[in-house]
Amino acid sequence: MIALDLMYKVQIGVVFEHTFFLELDRKDISLEDIRDAVPPLYRGCKKILEIDLNVVDEDNLGLWFFRDIESMGYIYL
């Protein structure tokens, strides 16, 4: 129903973020587009992008990631 209302320019009393309209128009959403829509997500992504890669490569963060796959009762790491 919302899509029809938007298509026929019917006022529905709801405010949508700019990113919603970009998604409807099938345009790419950049990091700067989400700055006002979801500030915590924007700040977190910016911090990740600003991390010094040498710190990550030297394993100073102490992070470990792994996955396991279960297939027919066996678990593969």
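Laboratory data are not the source of any read-out in this text; all were calculated from the coordinates shown. Everything numeric in this text was worked out from a predicted model, so none of it was measured. Positions of Cβ are generated from backbone atoms using ideal geometry, with glycine treated the same way; all protein chains shown enter the neighbour counts.
Rounded to the nearest 0.05, the FRET efficiency derived from the C-beta distance between residue 23 and residue 65 at R0 = 35 Å is 0.75. Seen through its C-alpha gyration tensor, with square-root eigenvalues sorted a ≥ b ≥ c, the range 1-48 comes out prolate because a/c lies at 1.5 or above while a/b is bigger than b/c. Counted without the sites themselves, the longest stretch of the chain free of chymotrypsin sites (Phe, Trp or Tyr not before Pro) in a DSSP loop having at most 13 other beta carbon atoms within 10 Å is 17-63. Ordering 69, 51, 19 by Cα displacement along the dipole of the range 2-76 toward the positive end leaves 19 in first place; charges were set at the Cβ atoms of Lys, Arg (+1) and Asp, Glu (-1).
If you add up the charges near residue 22, with Lys and Arg at +1 and Asp and Glu at -1, over every other residue whose beta carbon is less than 12 angstrom from its beta carbon, what do you get? Walk me through the numbers on the way to the answer.
Numbers: positive: 26, 27; negative: 17, 23, 25, 28, 32, 33.
Combined, the nearby Lys, Arg, Asp and Glu give -4.
Calculated mean residue ellipticity at 222 nm for the chain: -10000 deg cm²/dmol, from DSSP H runs with n ≥ 4 weighted as -39500 (n - 2.57), summed, divided by the residue count and rounded to 500.
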